[in-house]
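First the structure, in the form of structure tokens, and then the observations on it.
The values are calculated or read from the model by the stated rules, or taken from the named source; none is laboratory data. Just so it is clear, the structure is predicted and the values come from calculations on it, not from any experiment. Here the Cβ positions follow ideal geometry from the backbone for every residue, glycine too, while neighbour counts run over all protein chains shown. These accessible areas exclude ligands, DNA and RNA; they are computed on the full protein's heavy atoms, side chains included. Shrake-Rupley method; radii C 1.70, N 1.55, O 1.52, S 1.80 Å.
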Amino acid sequence: MTDLDQRITSALRERAEGEIDTGRLLRDARTLGRRRQVRRRLATGTALALVGVLGLAGAVRTDVGGLAGRMPWAATTPTAVAPVPPRADAEPGAAWHPDLVGGDPRVLHLGLDTRRARYLGWAVYTANRTESIQYRVGDGRPVLVEVSPDRRAVNELLLNGLPGAEGAIPVTFDGRVREFRVGGGGVVRAWQPVPGLYARASMLGGDRSALTEAVGAIRWNEARRCDAPLRLGAVPPDAQVATCAVDVDAFPGGLTVELTIVRSPTATMSVQLVHGAQIAQDVTSGNRTVNGRPARLSADGHQLELLGIPKAHLTATFGWLWPNEPPAGQVDFTEAEATSVLAGTRVAPDLTDPETWD
């Protein structure tokens, strides 16, 4: 189970005897998720996520902006087609319906001018009604944009995920670009793109003009799908998908997709697809089957992996993982439910070719 799942479960467990505070659920989850993301980038870049999966070790360097240099197999090649979340033409953009932002984990209500910018990641967190995109304009530094129809949700997010950055920069949504010194410094802008929508853009190690230029690449009149190379089928009864997060910073050498399913009072299941160029292709023998395909259940009985996907791991992590007893009324996700979820997943036929993702 990931840090994100643990924070979700913790928030749910505290309210197990009463009404679930869904805002707290994902605010806490997002806080810890951002901390984990920034720690990863400061240490080894996106490639470190794959190091944990692959058991690889290697030297990486950190540039002056705090973003680590990529490992050789994670470097983007000039000929690679940059991933773009598929269009959702039936959905309106945030400019037309800001009230829909963060309401559907499958939909992003904003996009980028891909002639100017390259996506590094995108995410939807429904409990605090937040969507985010991370991208780079040219050879500039990464920019993180977070939007929500709830002003409080944006105010309560960590500044670019940096622990201790809360309150370091006033968030007044006046459109001004401000400098900050936390975490090596950078710039941040908070504003209302349209009435009823609150946005914050931050850039570590950047300057005012660079952030202003980068913000101009955002497109508020389009919608896109969040789940790109991984889609779920039916989820278990009384459950719902609460989060969707896609990281393509290391593409084509690697990518990560994580979808979190929740069920009251505290049950969570994390479905994660991790692609890495160095993942072995010959791991096909398992101790379970999923829809006739080989699968492997971990020794602790809490993670089921569907085998046979080239250069990738597809896992579902479930069950109660803590030493204390679960709260009254707890109904954890089971191996049977994880099996059903994995049986219904659809993975793009070529994870290195975004043309096959739609």
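Placing a label point 7 Å from the Cα of VAL331 along the Cα-to-Cβ direction, no residue of the stretch 292-317 has its backbone N under 15 Å from that point. Highest average first, the peptides 320-329, 133-142, 207-216 ordered by how many other beta carbon atoms sit within 10 Å of their residues are 133-142, 207-216, 320-329. For ASN324 and ALA299, the FRET efficiency from 1/(1 + (r/R0)^6), where r spans their Cβ atoms and R0 equals 35 Å, is about 0.95.
Spin-label model, ARG176 to ALA82: label points 7 Å out along the Cα-to-beta-carbon direction sit 3.1 nm apart. For the stretch 171-237, the solvent-accessible area of protein heavy atoms averages 41 Å² per residue (probe radius 1.4 Å; ligands and nucleic acids excluded).
In the stretch 269-349, Cα pairs under 8 Å separated by at least six residues give a relative contact order of 30 percent. Amide H contacts for ALA242 (H built 1.01 Å from N in the peptide plane; partners 5 or more residues away or on another chain; cut-off under 5 Å): THR260, ILE261, VAL262.
Converting phi to 3J(HN,Hα) with the Karplus coefficients 6.51, -1.76 and 1.60 and the offset θ = phi - 60°, the stretch 333-342 yields 5, 10, 4, 4, 5, 4, 4, 5, 5, 5 Hz in sequence order, with x at every glycine or proline.
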